[in-house]
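Here is the structure we will look at.
None of the figures in this text is laboratory data; all of them are computed from the coordinates on show. This is a predicted model, so every value here is computed, not measured. Please note: Cβ atoms are built from the backbone with ideal geometry, for glycine as well, and neighbour counts cover all protein chains shown.
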Amino acid sequence: MRVAVVERFGGPEVLASREVPDPVAGAGEVVVGVEAADVLWVETMVRQGAGGPHFDVTPPYVPGNAVAGRVRAVGHGVDGGWVGRAVAARTGGSGGYAEQVVVPAGALVPVPDGLGLHAAAAVLHDGITALALFEGTRIAAGDAVLVVGASGGLGIVSVQLATARGARVVAVGRDERKLARIRELGADAVIDSEQRDWVGKARAELGGRGADVVLDNVGGVVGEAAFALAAPGGRFSAHGTPIGRFAAIEPAEATRRGVTLRGIGDVQLSEPDFRRFTEEALAEAAAGHIVPVIGQTFPLERAADAHAAIEARTVFGKTLLVP
């Protein structure tokens, strides 16, 4: 079978297509034929060697932590009824950029009838993370929600979920074409973060008081500027790093304003929570509350092009590898 391997740390060109032996399911395991693998911005960061202690990998390795496909074979002790079923699964951190993967049978989550496998793959990270963020920040009907970095996969899902829950949504992003598409997703207002006074424009759209919840999917100076838009008593989640670092928020200032700070550590989920949120994300997608926006797909042998497109910020929505 084919896999995409990071042969050494570096630019997208270090991703190469290779032939390896087909995997075999051991006891308690299954082989999944991959029909779509999620591609994440953080995987481009790890490929560059910037993963740090949270993503401690050594090349050569096969990236990819979430796939959707059909079960091809089962190992000893696994119900043979799984064979042929449409499933989603996390791979344990790597191995998803492949035609087939071996995962524990306990990692399988059935894909609901009517939901395509590409759509299922598209919600496996962003849908789960968004649901965890919404639970932690207690977003409810009537809340004013500021979504920073709204044109990425997580931002798009956040806009959709907040709208479905009756919140007023102000979306912040870049590129007028992307902003136009965010409007179509239901945002009440969209703000271009490249405009000089984007913070003032966002505050005006929020009615002057600020946002009950700020979801910072970007980090860095953009996230830090967005902190000024959190209303007294609001909630601010600084979980994004596409700019290169998390937003650095002074805890004393947050305490003074009564703003609850949350970060990436608050969405590090236990296995039971991962399964719960995976099932919920797939159910929300099947019900139409989340409509995955798949902006681009690449064949497995063009994994390097997928990473290059993400790093160039030319993509909108989810990027998938389709073996």
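Please give the helix 126-137 orientation as an angle from the longest Cα principal axis of the chain, in degrees from 0 to 90, rounded to the nearest 10. That helix lies at roughly 40 degrees to the long axis.
The Rg/Rh ratio for the stretch 91-153 is 1.05, where Rg is the radius of gyration of the alpha carbons and Rh is the Kirkwood radius.
Summarising the overall dimensions of the stretch 126-267 from its C-alpha atoms, the Rg and Dmax are 13.2, 39 angstrom. Fully extending the segment from residue 54 to residue 221, taken as 0.36 nm per residue of separation minus the present Cα-Cα distance, adds 57.9 nm. Helix 153-164 and the longest principal axis of the Cα set of the chain meet at an angle near 60°. Put a dot 7 Å past the Cα of residue 19, heading toward its Cβ, do the same for residue 197, and the two dots end up 6.4 nm apart. Karplus-derived 3J(HN,Hα) values for the stretch 176-191, using 6.51 cos²θ - 1.76 cosθ + 1.60 with θ = phi - 60°, are 4, 5, 5, 4, 5, 6, 5, 4, 5, 7, x, 4, 6, 8, 10, 10 Hz; glycine and proline are entered as x.
Kindly provide log₁₀ I(q)/I(0) values, in the same order as q = 0.20, 0.25, 0.26, 0.35 Å⁻¹, from the Debye equation applied to equal alpha-carbon scatterers of the stretch 128-169. Debye intensities relative to I(0), on a log10 scale: -0.51, -0.80, -0.87, -1.36. Among the chymotrypsin sites (Phe, Trp or Tyr not before Pro) found in the stretch 51-127, not one is both in a DSSP coil and sparsely packed, with 16 or fewer other Cβ atoms within 10 Å of its Cβ.
Counting 0.36 nm for each residue step from residue 183 to residue 85 and taking away their Cα separation leaves a gain of 31.6 nm. Taking the Cβ of residue 112 as the centre, find all other residues whose Cβ is under 13 Å away and add up their charges (Lys, Arg: +1; Asp, Glu: -1). Within the 13 Å Cβ shell, the charges total -3.
Given R₀ = 25 Å, FRET efficiency for residue 274-residue 250 by Cβ-Cβ distance, to 0.05? Plugging the Cβ-Cβ distance into 1/(1 + (r/R0)^6) gives 0.20. Is the stretch 57-124 rounded, prolate or oblate when judged by the Cα gyration tensor, a ≥ b ≥ c being the square roots of its eigenvalues, rounded requiring a/c under 1.5 and prolate requiring a/b larger than b/c? Oblate, because a/c is 1.5 or more while a/b does not exceed b/c. Think of it as helices only: each DSSP H run of n ≥ 4 in the chain is worth -39500 (n - 2.57), and spread over all residues that comes to -8500 deg cm²/dmol at 222 nm. Computed from the C-beta positions of residue 209 and residue 175 and an R0 of 25 Å, the FRET efficiency is 0.30 to the nearest 0.05.
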